[in-house]
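Working notes, beginning with the structure itself.
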Amino acid sequence: MPSAKAVEASRVDLIVGGLEYLAQGFSIFDQELRLVAWNRQFLELLGFPETLGTIGRPLADFFRFNAERGDYGAGNIEEQVSERTALASKAEPHCFERVRPNGMVLEVRGTPLPGGGFVTTYSDVTERKTWEDSLQAAKQKAEEANQAKSAFLNMVTHDLRTPLTSIRSFAEILGDNPDIDAEQRQEFLGIINTECLRLVRMINDLLDFAKIEAGRMDWSIAELDAGELVKSAVTSLTPVFAEKRIVLELALPPQAPKIKGDRDRLTQVIINLLSNACKFAPESTGRVRVSLDGGPTEARISVADNGPGIATEQQQQVFEEFRQVLGANGTRPPGTGLGLAICRRIVDHLGGRIWVTSTPPDGATFSFTIPNSP
């Protein structure tokens with residue numbers, strides 16, 4: 001039967017051996033700040049060579065190693081070592097997170113020992129921190145989206161009221177003044193018609209967005225002639241460009257590709273991009289170019305204008321819901337601001353990509369791709 005001394009020795013060996021398999025690193029320094037015990041994780045997590053892991057090794061040697069490889073940033077190495085050694089000699093409880101140069105985040109927790117010195121544990125919390133940061137970013141984005149949504153609803157309420165008020169006012173004028181001259185009557189009817197169209201566009205945007213959000217949008221997928229599709233959309237807006245005296249150019253390849261998509265929805269995307277280009281291109285000197293390029297697997301349609309352009313930090317925002325980029329003069333352009341968000345949803349659903357390139361003040365180019373028909 002083994003002696004009590006042998007049992008105790010076996011127990012100690014088991015404890016020491018078990019410490020080597022801890023997921024956390026640990027180290028014990030005595031009251032003279034010399035290394036007494038440690039495990040392999042201590043050296044691995046902090047990137048120390050095995051030669052540093054020796055009994056009686058001064059804590060200052062570990063600080064010096066960190067300083068020499070740049071962990072503490074620029075500065076006098078001996079000053080950095082002295083500063084940290086003086087702080088450690090106080091042997092006060094501490095807990096902090098340290099980001100290593102390789103991106104690893106360590107939670108360092110130190111506890112003083114009754115007879116002097118301290119034990120320190122080191123835990124790799126990189127994954128947890130990444131998750132927490134992602135959660136925080138998602139929370140912030142959700143809060144921003146909620147604020148933007150509230151601002152959007154206020155804006156839409158105002159924008160819907162504006163054409164309705166205009167329509168009602170001019171209708172009342174026409175109703176109260178039956179003897180109004182024909183020319184003025186025609187002018188007022190034109191205003192009513194314009195405001196009605198504006199109201200319809202806004203309501204259609206809201207309805208389309210609601211359908212897409214709810215997954216109730218109707219799709220009719222078929223093989224389409226990309227050249228005919230683009231030409232048809234451009235033709236429908238030619239009078240609008242002519243009214244603003246904006247040059248509208250169309251560049252089609254000799255052999256237009258066949259694509260797979262929904263004719264009505266793709267027409268909606270092209271018209272939306274053209275309407276935006278017309279909105280921001282300068283009147284009388286504006287120039288908008290629509291081009292179609294065929295590739296081995298997809299076709300690309302681009303709409304380029306010579307407007308003020310879009311700042312780099314805003315180029316992703318223009319495709320987000322409930323956001324609207326201000327014009328060059330700092331004013332909000334007319335519309336719901338949902339047009340490009342709807343375009344992105346349509347193009348995504350059809351398997352394409354949509355993006356914008358711009359270097360203010362040299363205009364902007366909106367492009368999207370649609371897969372070729374098999």
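The values are calculated or read from the model by the stated rules, or taken from the named source; none is laboratory data. What you are looking at is a predicted structure, and each value in this text was computed from that prediction instead of being measured. Note: ideal-geometry Cβ built from the backbone for every residue, glycine included; neighbour counts use all protein chains shown.
Hey, Gly307 hits all of (1) within 22 Å of Arg345 (Cα to Cα); (2) crowded, with 21+ Cβ neighbours inside 10 Å but one; which does it fall short on?
(1)
Go over the candidates Gly227, Gly175, Gly261 one by one and state the one that is of a type in the set (Gly, Ala, Ser) and over 27 Å from Thr369 (Cα atoms).
Details: Gly227 fails: over 27 Å from Thr369 (Cα atoms); Gly261 fails: over 27 Å from Thr369 (Cα atoms).
None of the other options fit; the residue is Gly175.
Take region 191-236 and flag every residue that is within 30 Å of the chain's Cα centre (by Cα) and within 30 Å of Leu174 (Cβ to Cβ).
Arg201, Met202, Ile203, Asn204, Asp205, Leu206, Leu207
Got a number for residues in region 253-282 being over 30 Å from the mean Cα position of the chain (by Cα) and either within 13 Å of Cys343 (Cα to Cα) or not assigned by TED's automatic domain parsing to the domain that holds Asp348 (or both)?
Number of matching residues: 0.
Keeping to region 180-212, report how many residues are loosely packed, with under 13 Cβ neighbours inside 10 Å and among the polar types (S, T, N, Q).
So the answer is 3.
Take the residues in region 277-296 that are outside any loop (DSSP other than H, G, I, E, B) and either hydrophobic (A, V, I, L, M, F, W, C) or touching a Phe, Trp or Tyr at 6+ places or on another chain (Cβ under 7 Å) (or both), then tell me which one is surrounded by the most Cβ atoms within 10 Å (Cβ to Cβ). Break it down stepwise before answering.
Initial filter on region 277-296 (outside any loop (DSSP other than H, G, I, E, B)): 277-280, 287-294.
Next, only the ones that are either hydrophobic (A, V, I, L, M, F, W, C) or touching a Phe, Trp or Tyr at 6+ places or on another chain (Cβ under 7 Å) (or both) stay: 277-278, 280, 288, 290, 292.
On the way: Ala277: 27, Cys278: 21, Phe280: 21, Val288: 25, Val290: 22, Leu292: 20.
Within region 277-296, the match that is surrounded by the most Cβ atoms within 10 Å (Cβ to Cβ) is Ala277.
Can you pull out every residue in region 297-314 that is assigned to a loop (DSSP other than H, G, I, E, B) and not hydrophobic (A, V, I, L, M, F, W, C)?
Thr297, Asn306, Gly307, Pro308, Gly309
Identify, please: which residue in region 213-254 is over 18 Å from Phe280 (Cβ atoms) and of a type in the set (Asp, Glu) and is, among those, surrounded by the most Cβ atoms within 10 Å (Cβ to Cβ)?
Asp225
Which numbered condition trips up Ala242, out of (1) in contact (Cβ under 8 Å) with a residue 24 or more places away in the chain; (2) more than 33 Å from the chain's Cα centre (by Cα)?
In the conditions (1) in contact (Cβ under 8 Å) with a residue 24 or more places away in the chain; (2) more than 33 Å from the chain's Cα centre (by Cα), Ala242 misses (1) alone.
Please pick out the residue among Gly56, Gly73 that is out of contact with any Phe, Trp or Tyr (no Cβ under 8 Å at 6 or more places or on another chain) and at pLDDT 90 or above. Spell out how you get there, then give the answer.
Working: Gly73 fails: at pLDDT 90 or above.
Within the list Gly56, Gly73, the selection yields Gly56.
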